[in-house]
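Following: one structure in structure tokens, then a few remarks.
The values are calculated or read from the model by the stated rules, or taken from the named source; none is laboratory data. Not measured: the values here are computed from a predicted model. Here the Cβ positions follow ideal geometry from the backbone for every residue, glycine too, while neighbour counts run over all protein chains shown.
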């Protein structure tokens, strides 16, 4: 209790204002900015994903595992391009998958410099388990938004993705 009193006294002496709940903050134009709304939704989606999944499964990990599952023999370079990540950031993800026994890397039959990625039986089991969990998350979001609004949102997000991929003026 002494610590609380000291902290309260220190705050009062510093003339600081106690933080207000998020909805009480003056945001000015921030609430009207599309980019800020997108970032806030993205951050919320990440938090919801982490809460719903295993502690060591991240969105980028899930996307990578899913793409390898659906594209046996996918190269590391093609995976990096597909998830729009720098190829060097793919290596730690694949190392983690390999450590768990989920993937194996083989020399590509068409390009000896490249590694082709394949799920192991354990990787296929993990991918199916995560697919079910992500399917549950997707169903919850669609139930919240409704089928038509979900479809519209996907279309809008694809438009924004194309916008961000285009060269800046």
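Being in a helix (DSSP H, G or I) and under 12 Å from the mean Cα position of the chain (by Cα) is the filter; apply it to region 52-67 and report the residue that is surrounded by the most Cβ atoms within 10 Å (Cβ to Cβ).
64
The set of residues from region 1-30 being surrounded by fewer than 10 Cβ atoms within 10 Å (Cβ to Cβ) and either at pLDDT 85 or above or not in a helix (DSSP H, G or I) (or both) comprises 1, 14, 15, 16, 17, 18, 19, 20, 21, 26, 29.
Screening residue 73 against (1) at pLDDT 85 or above; (2) surrounded by fewer than 11 Cβ atoms within 10 Å (Cβ to Cβ); (3) over 23 Å from the mean Cα position of the chain (by Cα) leaves a single unmet condition, (2). Reported count of residues in region 68-93, each being part of a helix (DSSP H, G or I) and either touching a strand residue (DSSP E or B) at 6+ places or on another chain (Cβ under 6 Å) or within 18 Å of residue 54 (Cβ to Cβ) (or both), is 5.
So how many residues does region 119-137 have that are assigned to a helix (DSSP H, G or I) and either at positive phi or touching a helix residue (DSSP H, G or I) at 6+ places or on another chain (Cβ under 9 Å) (or both)?
Within region 119-137, residues that are assigned to a helix (DSSP H, G or I) and either at positive phi or touching a helix residue (DSSP H, G or I) at 6+ places or on another chain (Cβ under 9 Å) (or both) number 12.
Within the bounds of region 36-58, is there any residue that is more than 19 Å from residue 141 (Cβ to Cβ) and modelled with pLDDT of 90 or more? Checked region 36-58: at least one residue is more than 19 Å from residue 141 (Cβ to Cβ) and modelled with pLDDT of 90 or more. Tallying residues that are modelled with pLDDT of 85 or more and either buried (at least 18 other Cβ atoms within 10 Å of the Cβ) or touching a strand residue (DSSP E or B) at 6+ places or on another chain (Cβ under 8 Å) (or both) within region 102-129 yields 15. Annotation note: Cβ proximity below 7 Å between a residue of region 90-113 that is farther than 15 Å from residue 61 by Cβ and a residue that is part of a strand (DSSP E or B) and at pLDDT below 90 (sequence gap 6+ or interchain) occurs for 105/115; 106/115; 107/115; 108/115.
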